[in-house]
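Presented below is the structure to which this report refers.
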Amino acid sequence: MILSRKKKPLYMQIKSILKDRILHGTYPMGMLIPSEPQLEEEFSVSKITVRNAIQELVQEGYLEKGSGRGTKVIRNTSTSKLSKGKSFTEILVEEGHRIRKKLLRSVTIDNSPDSECYRLFGEQCLLIERLYFLNNVPYIYFTHYISMKIGDVETLDLDEQSLYDMLEDQDIVPIQFRDHFEVAPAPAEVAMQLQVELHSPLLRRSRYTRDSYGQVVEFSAGYYQTAIHPYSVNYDA
């Protein structure tokens, strides 16, 4: 994997990728992550770069280093300042599932004057399409629309990197999320990607993400194949 030297330090990029793999079940609880030499070869970086990335995750409580035994995953949930509830991904991973992401498309688009994106972002925005797999079966189709005010973003590693980590790389910190749920017929592209019949009823989640200034920086629509697994949210007391 080729990392970008235009973004944050290489060890921080590797940390973000490893953390994302932990949170999505690629590295399950109790599992040893790949060895330092394996990670050095995968990311084409030095030993010290890999060690700094691992040390960050050790300090954050995700990994535990054992003398001569490798580095083990000891936590697979993130901490959120916004809610005591667990994210849907965390619930799936805790149940033993594995989540994998695939970047389908990333392109700048012109917004139609009568569209929601025109109202939110003006004449143009960044379109990102991603497909999520649950245990290697197509499960969620996401379309993200992102404000062009964010600037020059690199999306080539969104197979590995969290979208919200990408926003934070641009000093945009999402602090407010508003979700809307409905049952909607699957459009042609969604049906093809999720391998369902055209116009099949699917759970559709629309999300508005705002920054600290109250501005919408991302609008997304996700279609869920709930026949595979229901959408669920847990709330702590």
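Starting from the Cα of residue 107, step 7 Å along the direction of its Cβ; do the same at residue 78; then give the gap between the two resulting points in nm.
Here the modelled spin labels are 2.8 nm apart.
Subtract the Cα-Cα distance of residue 38 and residue 115 from 0.36 nm times their separation in residues, and report this length gain in nm to one decimal.
Extra length from residue 38 to residue 115 when fully extended: 23.0 nm.
Using the 10 angstrom Cβ neighbour count as an exposure proxy, how do 23, 131, 198, 18 rank, fewest first?
Least crowded to most crowded, the residues run 198, 131, 23, 18.
Can you tell which of 206, 185, 109 lies farthest toward the positive end of the dipole of the chain, using +1 and -1 charges on the Cβ of basic and acidic side chains (Lys, Arg; Asp, Glu)?
Ranked along the dipole, the leading option is 206.
Using only alpha carbon pairs under 8 Å that are at least six residues apart, calculate the relative contact order of the chain and give it in whole percent.
Relative contact order of the chain: 17 percent.
What is the spin-label model distance, in nm, from residue 94 to residue 170 if the labels are put 7 Å beyond Cα along the C-beta direction?
Placing both labels 7 Å along Cα→Cβ, they lie 3.2 nm apart.
What list do you get for 171, 211 if you sort them by fewest beta carbons within 10 Å?
171, 211
Taking the mean number of other Cβ atoms within 10 Å as a proxy for protection, how do you rank 49-61, 97-109 from highest to lowest?
So the order, starting with the most tightly packed, is 49-61, 97-109.
By counting other Cβ atoms within 10 Å of each Cβ, how are 24, 199 ranked from fewest to most?
So the residues, fewest neighbours to most, are 199, 24.
Considering all projection directions equally, how large on average is the shadow of the alpha-carbon convex hull of the chain, in square nanometres?
Its Cα hull, projected and averaged over all orientations, spans 13.9 nm².
None of the figures in this text is laboratory data; all of them are computed from the coordinates on show. Keep in mind that what you see is a predicted model, and the values were worked out from it rather than measured. Using ideal geometry, Cβ is built from the backbone for each residue, glycine included, and neighbour counts are taken over all protein chains shown.
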